[in-house]
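Notes for the one structure printed next.
Derivation of every value follows stated rules applied to the coordinates shown; laboratory data play no part. These numbers come from a predicted model, not from an experiment. Glycine gets a Cβ as well: all are built from the backbone with ideal geometry, and neighbour counts include every protein chain shown.
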Amino acid sequence: MWNGQKLENCKHPKYLGVTLDRSLTFKLHIQKCKAKVNMRNNILRKLTSSQWGANPNTLRTSALALCYSAAEYACPAWSRSSHAKYLDPALNDSCRIITGCLKPTNTHCLYLLAGIAPPDIRREVISIRERYKAMHDPSHMLHGSQAVNQRLKSRKASFTAHPHFSGHLKKLG
């Protein structure tokens, strides 16, 4: 009860557009993101088959605006989830639509041809930028907060910098 009103229990609450679950695995959120990106890929396919024929630059810009924006929303919170990799095939499909490449094309080459960084790298860079802002921008809501000790080794905190990228934080300002 809250102020005399009965509150209902929700197994998967949605907070600021991110679907949460009991153990914060973000599995359901990532599944919903993948479905959203797949629907937006259908829009991209319509652009490729139109009479006026969208050029690759228009398709790339459209894919970044439609698909990648949906796929990367709030990714500093969920990017270290073990389920994050299940979103990548939908983004691979976006790059295939942009480039016109077929399924057998190596995904590494696919991203080079599309001129877009692979999803795991994009998520890591976004997370590093957000961490940098939290550390150095006094107006950031997480400025000055300290990381808590992890009770479970299997959980990866969203605001610990990856050791490979930690030296590059100063360059990202």
Nearest-0.05 FRET efficiency for Thr105 and Leu16, computed from C-beta distance (R0 35 Å): 0.45
Applying a 10 Å radius around every beta-carbon, put 13-25, 80-92 in order of their mean neighbour count, most first. 80-92, 13-25
